[in-house]
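The structure under discussion appears below in the form of structure tokens.
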Amino acid sequence: MLNREHIFSEIEAHIQASAGERFAVLVLRVPGLREISLRFGYAQGEQAEDMAQTLIQHSLRPIDRVFRAGDDSFVVLLPAMLSYNHALLASTRLIQAFEQPLAGTASPWLVRPVMGIALFPEHGPSADRLCRRAGMALDEAQRRGELCVVYQPHDTQIEIFYDELREALDANRLQVFFQPIWNLQENRIAGAESLARWSSVNHGEVSPANFVPFSEQSDLISVLTRWSVNTTLRHVANLPRDQNLGFAINFSPRVLSRPGMVEQLIGALEIWGVPATSVIVEITETTLVNDLDLSVQVLRRLRDHGIRIAIDDFGTGYASIAYLRQFPATELKIDQSLVAAMHSEPHTGKLVRAIINMAHHMDLATTAEGIEDAATQAQLADMGCDYGQGFHLGRPQPAAEFIAQFIAAGTSR
């Protein structure tokens, strides 16, 4: 969070002056603001950010304070909140304010805010705690697809500290695990998906469902992705050269839009001596709708270097045939919720078969996620699905152990 010390000091000053009076901290993200900078230039982007901040301020009371917290993020201090409903009323005014496109940019740009709210003193006694819990509520809103969520203790089981995760990344305290991906038609391992694992001194094993969204909200996602890329490639570099395996690495939409991302990935491949064809960049469907033009430009550059592109969780989001027509993907990953429902819902099985057939007509490979038993594996293979992963085919394991089995196989020939 940019300007964190200034924001925290202002909130702490208000805590001291409020004498226990209830107030709210609202963390607000305006997706799309960074893309204005990247598409139309930084001058236009800064103008859009200024306009968004002015719009937020004018939508609230004169006593409310608005702080810039990042390229597309703001922290709002809402004094004298008598109840949850007063804080929700403020969020409603903000949502209504953004119903019209931002004027003054190169072209009118419609953005919609997403926000999380924490209340003093119920949700924390300090600026750090209030901002973190408002950020957790924002993550929950994004996960649910809602525009505003008030913090609830059960929403996030583990409260992550920014400095703790940053130190863990800097000190290389995370681990990479590989989950096998099988070629369903040839019944052999075809590669693996790279997954980050974190064993925290304070929390023990921390689920990626907790620390990955936190890293996105706190702007650590670039650091996490850079660590994941280099650690994955370091292990892949140990493979015998005759192994034709592909390794998938997840990329957040926020990382994808960062300047220099393509050069960093290509540079890492050169450093570790890994062929570009061995890497699959996995992105979610939401990347397609956040900024299609920018995503297409970036991913085409990756494709030009031989890197494969997979659309993750396909079938549950917003992707359409119109998007796929323009998108430089090489494969679709069919969401595990569809795979799990095939046995109990025959029409879902027909949908999965249709996705596989459509993908093949568009020269795209298909990977089914969440294969939990032999019957599902056989059914998908019969449908013509190219690849699969899931606990039945192999659980995530430390990357070194995964690589070791191929080294051992190579030396035993």
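Select from the range 1-34 the residues that are closer than 22 Å to L88 by Cα, part of a loop (DSSP other than H, G, I, E, B) and in contact (Cβ under 8 Å) with a residue 60 or more places away in the chain and list them in ascending order.
Of everything in the range 1-34, those that are closer than 22 Å to L88 by Cα, part of a loop (DSSP other than H, G, I, E, B) and in contact (Cβ under 8 Å) with a residue 60 or more places away in the chain turn out to be G20, R22, V30, P31.
Here is a yes/no grid of residues against (1) aliphatic (A, V, I, L, M); (2) over 14 Å from E331 (Cα atoms); (3) not assigned by TED's automatic domain parsing to the domain that holds L184:
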site: T348; (1), (2), (3): no, yes, no
site: R353; (1), (2), (3): no, yes, no
site: M358; (1), (2), (3): yes, no, no
site: E372; (1), (2), (3): no, yes, no
site: A375; (1), (2), (3): yes, yes, no
site: Q379; (1), (2), (3): no, yes, no
site: G384; (1), (2), (3): no, no, no
site: G390; (1), (2), (3): no, yes, no
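Of the residues A319, A354, which is at pLDDT 90 or above and more than 24 Å from G191 (Cα to Cα)?
A354
Is it true that G390 is over 19 Å from I280 (Cα atoms) and outside any strand (DSSP E or B)?
When the stated conditions are applied, G390 does not pass them.
Could you list all residues from the range 7-39 that are within 24 Å of E216 (Cβ to Cβ) and modelled with pLDDT under 90?
Looking only at the range 7-39, we keep the residues that are within 24 Å of E216 (Cβ to Cβ), and these are 7-8, 11, 24-39.
Within the range 7-39, R29, V30, P31, G32, L33, R34, E35, I36, S37, L38, R39 meet the criteria.
How many residues are more than 29 Å from A80 (Cβ to Cβ) and either modelled with pLDDT of 80 or more or part of a loop (DSSP other than H, G, I, E, B) (or both) when one looks only at the range 95-140?
Keep residues of the range 95-140 that are more than 29 Å from A80 (Cβ to Cβ), which gives 101-110.
Cutting the leftovers down to either modelled with pLDDT of 80 or more or part of a loop (DSSP other than H, G, I, E, B) (or both) gives us 101, 103-108, 110.
Here the count works out to 8.
Pick from the range 163-181 the residues that are in contact with a helix residue (DSSP H, G or I) (Cβ under 8 Å, 6 or more places away or on another chain) and crowded, with 16+ Cβ neighbours inside 10 Å: which of them is farthest from L239 (Cα to Cα)?
Ranking the qualifying residues of the range 163-181, first place goes to L165.
Does A248 satisfy the criteria of being under 16 Å from P396 (Cβ atoms), out of contact with any Pro (no Cβ under 7 Å at 6 or more places or on another chain) and of a type in the set (G, A, S)?
yes
Please state which of the following conditions D242 fails to meet, knowing it meets all the rest: (1) in contact (Cβ under 8 Å) with a residue 60 or more places away in the chain; (2) touching a Phe, Trp or Tyr at 6+ places or on another chain (Cβ under 8 Å).
(2)
Considering (1) within 30 Å of V255 (Cβ to Cβ); (2) surrounded by fewer than 16 Cβ atoms within 10 Å (Cβ to Cβ), say which one D72 fails and leave the rest.
Result: D72 fails condition (2) only.
Please indicate, with yes or no, whether at least one residue in the range 72-87 is of a type in the set (D, E), part of a loop (DSSP other than H, G, I, E, B), out of contact with any helix residue (DSSP H, G or I) (no Cβ under 6 Å at 6 or more places or on another chain) and at pLDDT below 85. Walk me through it before giving the result.
Quick first cut of the range 72-87, residues of a type in the set (D, E) only: 72.
Subsequent filtering for residues that are part of a loop (DSSP other than H, G, I, E, B) retains 72.
Adding the requirement that they be out of contact with any helix residue (DSSP H, G or I) (no Cβ under 6 Å at 6 or more places or on another chain) leaves none.
No, every residue in the range 72-87 fails to be of a type in the set (D, E), part of a loop (DSSP other than H, G, I, E, B), out of contact with any helix residue (DSSP H, G or I) (no Cβ under 6 Å at 6 or more places or on another chain) and at pLDDT below 85.
So E205 clears everything in (1) buried (at least 18 other Cβ atoms within 10 Å of the Cβ); (2) without any contact (Cβ under 8 Å) to a residue 24 or more places away in the chain; (3) of a type outside the set (G, A, S) except one condition, right? Which one?
(1)
G145 - would you say it is within 23 Å of N210 (Cα to Cα) and modelled with pLDDT of 85 or more?
no
The values are calculated or read from the model by the stated rules, or taken from the named source; none is laboratory data. None of these values were measured; they are calculated from a predicted model. Neighbour counts run over all protein chains shown; Cβ positions are idealised from the backbone, glycine included.
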